[in-house]
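So the structure is just underneath, and the comments pick up after that.
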Amino acid sequence: MSKSTIKTESTTADDLKALLHEAEQALSDNAGVTGDKFAELRDRLRTALDSGRDAFERLRAEAAHRARQADQAVHEHPYYAMGLAAGIGAVIGILLSRSCNSSR
């Protein structure tokens with residue numbers, strides 16, 4: 001995994017954590033507001049935040065695991081990885097050149 005990918009992943013994770021913290025803060029700031037509907041809404045939002053946090057952590061762990069697998073595979077088979085990347089690049093280049101030629 002490159003440093004820019006790690007930096008982007010970390011920034012995204014930090015942004016999501018900040019958003020979750022702000023939502024929790026808003027819930028606690030409005031805790032004094034009365035009403036059954038507000039209490040129900042607050043409980044639903046807390047449940048959604050908890051499940052979102054759990055889903056984010058599972059997704060982050062899975063992405064890190066897959067990145068380690070990809071890194072290991074590239075280190076074990078560097079020529080195969082370079083050939084595969086060149087082939088995919090060639091296919092994308094062909095498709096792009098065809099779409100550019102057909103749009104004229």
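Every number here is computed from the coordinates shown, using simple stated rules; none is lab data. Worth saying up front: this structure is predicted, and the values here are computed from it rather than measured. A quick note on method: Cβ atoms are made from the backbone with ideal geometry, for glycine too, and the neighbour counts reach across all protein chains shown.
On the basis of the beta-carbon distance and an R0 of 22 Å, Ile94 and Ala63 show a calculated FRET efficiency of 0.15. Extending 7 Å from the Cα toward the beta-carbon at both Arg44 and Asp15 defines two label points whose distance is 2.7 nm.
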